[in-house]
Every structure is written in structure tokens, then in C-alpha cells.
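We did not get these values from a lab; they are worked out from the coordinates using the rules stated. The structure presented is a predicted model; accordingly, all values stated were derived computationally and were not measured. Note: ideal-geometry Cβ built from the backbone for every residue, glycine included; neighbour counts use all protein chains shown.
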Amino acid sequence: MGRTFLVVLDSVGIGGAPDADRFFNDGQPDTGANTLGHIAESCASGAGDSAARSGLLHLPNLDALGLGAALELASGLRAPGLGAVPTGLWGAATEVSPGKDTPSGHWEISGVPVPWDWTYFPNTEPAFPPALTAALIAAGGAGGILGNTHSSGTVILDELGAEHVATGWPIVYTSADSVLQIAAHEEAYGLDRLYAMCEAVAPMVHGMRVGRVIARPFVGSVESGFSRTTNRRDFALAPPSPTLMDWAKAEGRPVHSVGKVDDIFAHHGMDDGIHGADSELFEALLRWGGEAEDGSLTFANFVEFDSHYGHRRNVPGYAAHLEWFDRALPRFLATLHPGDLALFTADHGNDPTWIGTDHTRERVPVLGWGAGARAVGQVGFADIGASLAAHLGLAARGAGRSFL
């Protein structure tokens, strides 16, 4: 029995979502957003150049699996530098869940489309209802909170970091996602104290159909500036029904989480979890490539495409991170055994050339190693989970159909 590996390149969308006109950034519909395609075009024009990289977007290993072909299938764009004849499984997936966020994408990939509309906090000041504000103040234990607004996570540290250190009041904010984020200084406020605050308010927030409470720890000083650390933790609403990981666990299969995957699923169906920077997570993926048990599932998420470059609209940084992953990819593929299946995909888009700072509604690539050279065409997010279940010999109990 072979092993399965599901790798999410967080936010690496490929355009073409048929309902993009229903999703917005700063009042503009996402129609025409194309994360990968616009990065490739920017690199071709020189707008992707930096001290770290230059020239055409160079992704020979992902492109060999079928990345350029998937991009053209999804959006009709033949991207500069991406035109290899696919040697792997390739296609494009379309989401049906009514969101362009992390839980929606990951849950649906794992067989469970979101059955409700998420709650989003209004872009007003204050952003949170009085009862939630009172609960936040009580849970924070400092007598008050800062923020209570929509903001970028990096901008709000510049605005309120010094006041937070001086007062001890945690910084609470939201975004265009269905999320409540709490930022606090790891040393001045305390990491465990921040986690405890998030855990205390999570049931109330989840009861409002808000998807996640995210702990956003940071370090630094007024003099040196403030920066977020890798000790982020997501306190997520649990999926409404069993996912691929639960199906696997029900049949005694080991399930390994790399990155924020265990948090996204409220730790349901996971044996273990490893967190850290993307470079550390890749080493963890390599370790599971060498050590994962026969019949196991390893589920990885590489978040820095999204958090470091997409939201910050940093085209050169996003391009460089794609090229980093592509250079590292052969090391992982070399750990795989005959009979293994590795699928690479994304959960949504985050076009760094787009207006605003929010995710973008896009199709995502589906690339596979271990299933031969085959085109699977246009599929659904849930078909990814169904296909992995089929490879593992599990009874698929979700919404999708296997494309294997």
C-alpha cells in the first residue's frame, strides 16, 4: 500500500474562477485576478526583479509536473516562462464553498464544502459588537484592548505596537476574512497568556460563525521596530462533518500535519503537527518523505506565499519564494517510493498585483507525482480529497469524486 502526500502552496491561485465577480477587494470584484499568471507576467516585464531574483519566473520542476498547462487550462493564459509538456498529473480545481479563505479551501479539499455563509465583521470602528468586546477585555486581563478595527497585521503593529507595550492591552483586529486576530508581544505580554486569551474567546467567536481566532505574537521594540514571529496559532471552528483525515484515522491510518493544517481542522484527525517557517516545514516534509508509514497521509501547508508576499502585495518576494520551493522540490520527490502519490495544490489566490490586501477568488492547480502523465481537466476542490482517499483504499465519504 502506497503513501499519500498533500501539499498546499497557500494562495498560489491560477485565475479563472467563474464566480470571481461575487468576491471583492476594496470594492473591486476579483474578476481577472490571477496570482501565478500575473507574477509570471510581472517577472517578464522586469517588475519582478529584486536583489534576490531577476528575469523570467523560473519554475522548471513544477512546470514539468504541469503547472503552466494548469494555468492555461484555468484562465487561458500562456504565462511567460511556463510552457513545459507535462510529465505528471495535472488539472485545475474550482471551489464551490462561499468563501475565499483558508478554512473554506482546506475543508473542501478534504471533502467537506462549507455549508454556510461565514460571518464577517463590519469595516467600522468599533468593528466588534459590545458583548464580544467585553469578553475580549475580560479574557485579556489587562483592563482594555487596542484596535477593534479592520487592519493589516503589519500596519497595526506600526500603529499600536508601542502603545501595547506601554499599556499591556492586547491588539485585536480583523480583516476581509472571517477572522478575529489578537496580537501581543511575546515577552511584554507573554506567549502563553496570548494563547489562553484566544482559547477563552474562541467558543463565542465560533458561535458567531466566524472561522478563526488567530494568535499573532510579535517581538521587537519602539527603537528596532516590531515584527511577527512564527509562533502564530489558529483556533479554528471544527469542520461540520468528518474530513479526509478523519476517514483515514477511522481505518487506523497515520496522519501527519506539517504547518498550520492541524490548527485549520481544530486538531481533528491528526496524529501530530509541526509548525515553523516555510524553510523548517520543508525539512519536516522531507523527514516524513523518508519516514512516513505505509498507508499514511501527510498533509502540509506552506503559508508564507500568502502571509509574507500575497497580502503584502510583494511581487518580487512571491516570485522568489516560488522559485525557492521549485528548487527544493526535487529533494522531496527523491524521498518518494513506488506506489506513493503526492498532490500539490492551493486553497485560494492572493494576487500580489491586485488592488487591496485580501485573498482573490481563483481556481487552483492540481499537480501530481506518482500517477503518471495524465490530464484530469477541470475538477472540484473536493475531488482532491476523494482521489487521495481512493489511492489509500479508503471509502470516500465526502462531496468529491476521484479523478484517478
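Below are the figures for this structure:
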{"quantity": "Residue pairs meeting the criteria (Cβ under 6 Å; at least 6 apart or on separate chains; first under 20 Å from Ala47 (Cα atoms), in the stretch 294-315; second hydroxyl-bearing (Ser, Thr, Tyr) and surrounded by fewer than 24 Cβ atoms within 10 Å (Cβ to Cβ))", "calculated": "His311/Thr357; Val315/Ser42"}
{"quantity": "Neighbours by Cβ (under 6 Å, 6+ apart or cross-chain): first from the stretch 11-33, assigned to a helix (DSSP H, G or I); second crowded, with 18+ Cβ neighbours inside 10 Å", "calculated": "Ala20/Asp30; Ala20/Arg361"}
{"quantity": "Filter pass, Ala390 being out of contact with any helix residue (DSSP H, G or I) (no Cβ under 9 Å at 6 or more places or on another chain), over 21 Å from Gly16 (Cβ atoms) and either small (Gly, Ala, Ser) or part of a loop (DSSP other than H, G, I, E, B) (or both)", "calculated": "yes"}
{"quantity": "Residue count for the stretch 222-233, restricted to those that are without any contact (Cβ under 8 Å) to a residue 60 or more places away in the chain, touching a strand residue (DSSP E or B) at 6+ places or on another chain (Cβ under 9 Å) and either part of a strand (DSSP E or B) or among the acidic types (Asp, Glu) (or both)", "calculated": "1"}
{"quantity": "Odd one out for Met245, checked against (1) assigned to a loop (DSSP other than H, G, I, E, B); (2) more than 25 Å from Leu160 (Cβ to Cβ); (3) in contact with a helix residue (DSSP H, G or I) (Cβ under 9 Å, 6 or more places away or on another chain)", "calculated": "(1)"}
{"quantity": "Residue in the stretch 324-347 that is under 18 Å from the mean Cα position of the chain (by Cα), outside any loop (DSSP other than H, G, I, E, B) and of a type in the set (Asp, Glu) present", "calculated": "yes"}
{"quantity": "Of all residues in the stretch 1-44 being crowded, with 24+ Cβ neighbours inside 10 Å, under 21 Å from Asp117 (Cα atoms) and small (Gly, Ala, Ser), the one that is farthest from the chain's Cα centre (by Cα)", "calculated": "Ala17"}
{"quantity": "Candidate set: the stretch 296-354, residues that are closer than 21 Å to Ser387 by Cα and of a type in the set (Asp, Glu); chosen: the one surrounded by the fewest Cβ atoms within 10 Å (Cβ to Cβ)", "calculated": "Asp340"}
{"quantity": "Qualifying residues in the stretch 348-368 (those that are part of a loop (DSSP other than H, G, I, E, B) and either under 16 Å from Phe325 (Cα atoms) or of a type in the set (Ser, Thr, Tyr) (or both)) - the one nearest to the chain's Cα centre (by Cα)", "calculated": "Thr357"}
{"quantity": "In the stretch 176-209, residue farthest from the chain's Cα centre (by Cα) [restricted to those that are crowded, with 22+ Cβ neighbours inside 10 Å and not in a strand (DSSP E or B)]", "calculated": "Tyr189"}
{"quantity": "Residue match in the stretch 51-69 (condition: of a type in the set (Asp, Glu) and in a loop (DSSP other than H, G, I, E, B))", "calculated": "no"}
{"quantity": "Subset tally (residues that are over 21 Å from Gly290 (Cα atoms) and among the hydrophobic types (A, V, I, L, M, F, W, C)) for the stretch 337-366", "calculated": "5"}
{"quantity": "Any hit, the stretch 153-167, residues being polar (S, T, N, Q), surrounded by fewer than 24 Cβ atoms within 10 Å (Cβ to Cβ) and touching a residue at least 12 places away in the same chain (Cβ under 8 Å)", "calculated": "yes"}
